Amino acid sequence: MNFDFFYHIPWDGIPNYLYVTYSIFLLCTLIQLHYYLVQHRKVVRFNPNASQTSSKQLPVSVVICATNEQQNLEKNLPLFLKQDYPQFEVVVVNNCSTDESEMLLYSFKQRHSNLQVTTIEQGQKFIHDRKLAITVGLKAARYETIVFTEPDCAPDSDRWLASMQQAFGDEGEVVISYCRKQPHKGVAEKIMRCDSVFSALFSLRAAIKGVPYRGSTKNMGIRQPIFFRNNGFARYSSYLLSEETLFLCRNANRQNTRVTLAHDAILSSDQRLTFGQWFRQKCTYTSLLNTGKRGRKRIYVEMLSRVLFHLCIVALACVAALRQEYLTLVGVAAAPLLLLRFTAKVTILVGAAKKLRERGLVGWLLLYDIFSPLLAFVVSLAQPNLQKLKKIK
């Protein structure tokens, strides 16, 4: 290989700003490689230890809270009632529905002995929120092992319940899994799905480490005693959303938390949100990052490194274009790092899409990696307009 071009580079005249830009670029590349090849890779390659799973088939209660979900219940409830599991019940909390949900559930109950229905009537003086519905469902459940889901979710396998129960092991009190969005047409739908994958890479990694900071009743399990031992949602009465996330931040730890990403354990949700509804939901979850130390640091560091990485690429490209004598130097110094980071990104995102059963999304994930910091900036600007959340110590 001929390295004669190095002799033609004016080394003594290299400006300080080029040294600084390249140093920042190198540092950000190393941080990015750490996240892709270490942090995110552990999610892609995750398989629970044999000691953390259980071959016992303990009885399980599936709790579903529903408000005006007649169509989703009619479509998805039979899939949960027909799970291949020896002893389980499905508890549906009909929370102040005004549609024909009650009649539908009554007809289901006539045909399925393992279905239990609890109805919360609409009060004239009080608003009955999800916290009450979840608490009622837990109290109505006959079995200690509880698995949550929602009416818009559907299992792709009749082994979903068995997979979730197995993940508890002998000592687990919290099980976290993944719920993917059903693919639909439209750029907004692709953005929502991409954000779900990137969020999962961070939140699932934290859960694997035993410090979960995000959960969802779409696909999550707990043991009944941990809920009532810690007074349920009593500490979160002023919060309107994401009470399960707050509960996890307070009570889940390395000893009692388990994660399952088995294909049978992943659900799919057909919830249709407008971009505005999804954006407000994302703002709420982002606000929750500030309620405790979990998750906030790793997300902010990765996001900042990604912003600086792309800014440095633009800056180096401008230097190469304006100062032809440094074109070769910039290309030789930056190209290998760009290629290394791109290869790591593609490898991990392809693996993540496969692990989380997100089909047809790899190209969009590569684009989202570039533009998501802009979305995060817009979300941060929207934070002051949201209801302020109390800080959890």
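The values are calculated or read from the model by the stated rules, or taken from the named source; none is laboratory data. Since we're looking at a predicted model, the values are computed, not measured. Because the Cβ atoms are built from the backbone with ideal geometry, glycine has one as well, and the counts that use them run over all protein chains shown.
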Practice item. Restrict the check to the stretch 223-243 and report whether at least one residue is closer than 21 Å to Asn47 by Cβ and in a helix (DSSP H, G or I). Key: no
Practice item. Could you please let me know if Val62 is under 18 Å from Ile222 (Cα atoms), touching a Phe, Trp or Tyr at 6+ places or on another chain (Cβ under 7 Å) and assigned to a strand (DSSP E or B)? Key: yes
Revision key, fill the gap. Residue hits (the stretch 166-186; of a type outside the set (Ser, Thr, Tyr) and assigned to a loop (DSSP other than H, G, I, E, B)) are Gly169, Asp170, Glu171, Gly172, Glu173, Gln182, Pro183, His184, Lys185, Gly186
Practice item. Only residues in the stretch 18-31 that are farther than 22 Å from Gln324 by Cα count as the first member; pair them with residues that are surrounded by 16 or more Cβ atoms within 10 Å (Cβ to Cβ), Cβ under 7 angstrom, at least 6 apart or cross-chain, and list the lot. Key: Cys28/Ser305; Cys28/Leu308; Cys28/Phe309; Cys28/Cys312; Thr29/Phe309; Thr29/Leu337; Thr29/Arg341; Ile31/Ser305
Exercise for review: Quick one: in the stretch 357-373, of everything that is surrounded by fewer than 18 Cβ atoms within 10 Å (Cβ to Cβ) and assigned to a loop (DSSP other than H, G, I, E, B), which residue is modelled with the highest pLDDT?
Suggested key: Arg357
Review point. Taking the condition surrounded by 19 or more Cβ atoms within 10 Å (Cβ to Cβ), under 21 Å from the mean Cα position of the chain (by Cα) and assigned to a helix (DSSP H, G or I), does Ala162 pass?
Key: no
Review point. Is there a residue in the stretch 137-159 that is touching a residue at least 60 places away in the same chain (Cβ under 8 Å), more than 23 Å from Ile226 (Cα to Cα) and among the hydrophobic types (A, V, I, L, M, F, W, C)?
Key: yes
Exercise for review: Return yes or no: is Ala320 modelled with pLDDT under 85 and surrounded by 15 or more Cβ atoms within 10 Å (Cβ to Cβ)?
Suggested key: yes
Review point. Considering the stretch 71-103 alone, what residues qualify as being surrounded by 19 or more Cβ atoms within 10 Å (Cβ to Cβ) and assigned to a helix (DSSP H, G or I)?
Key: Asn72, Leu73, Asn76, Leu77, Phe80, Ser101
Practice item. Identify all residues within the stretch 253-266 that are under 8 Å from Val174 (Cβ atoms), more than 16 Å from the chain's Cα centre (by Cα) and either at pLDDT below 90 or surrounded by 22 or more Cβ atoms within 10 Å (Cβ to Cβ) (or both); write none if there are none. Key: none
Check your understanding: Would a scan of the stretch 231-244 turn up a residue that is under 18 Å from the mean Cα position of the chain (by Cα), at pLDDT 85 or above and of a type in the set (S, T, N, Q)?
Key -> no
Point to revise | Scan of the stretch 240-265 for residues that are hydrophobic (A, V, I, L, M, F, W, C) and within 22 Å of Ile134 (Cβ to Cβ), ordered by number | key: Leu240, Leu241, Leu246, Phe247, Leu248, Cys249, Ala252, Val259, Ala265
Practice item. Tell me which of these Gly169 doesn't satisfy, since it passes every other one: (1) modelled with pLDDT of 90 or more; (2) touching a helix residue (DSSP H, G or I) at 6+ places or on another chain (Cβ under 8 Å). Key: (1)
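Yes or no, residue by residue, for (1) of a type in the set (Phe, Trp, Tyr); (2) over 20 Å from Ala234 (Cβ atoms); (3) in the same structural domain as Gly232 (by TED's automatic domain parsing):
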residue: Leu105; (1), (2), (3): no, yes, yes
residue: Gln110; (1), (2), (3): no, yes, yes
residue: Glu121; (1), (2), (3): no, yes, yes
residue: Thr135; (1), (2), (3): no, no, yes
residue: Lys139; (1), (2), (3): no, no, yes
residue: Ser157; (1), (2), (3): no, yes, yes
residue: Met164; (1), (2), (3): no, yes, yes
residue: Phe168; (1), (2), (3): yes, yes, yes
**Study point:** Among the residues listed as His34, His40, the single one being surrounded by 23 or more Cβ atoms within 10 Å (Cβ to Cβ) and more than 21 Å from Lys218 (Cβ to Cβ)
**Key:** His40
**Study point:** Filter pass, Ala334 being surrounded by 15 or more Cβ atoms within 10 Å (Cβ to Cβ), at pLDDT below 90 and either among the polar types (S, T, N, Q) or closer than 24 Å to Leu374 by Cβ (or both)
**Key:** yes
Review point. Taking the condition modelled with pLDDT under 95, within 24 Å of Phe279 (Cα to Cα) and not in a strand (DSSP E or B), does Glu189 pass?
Key: yes
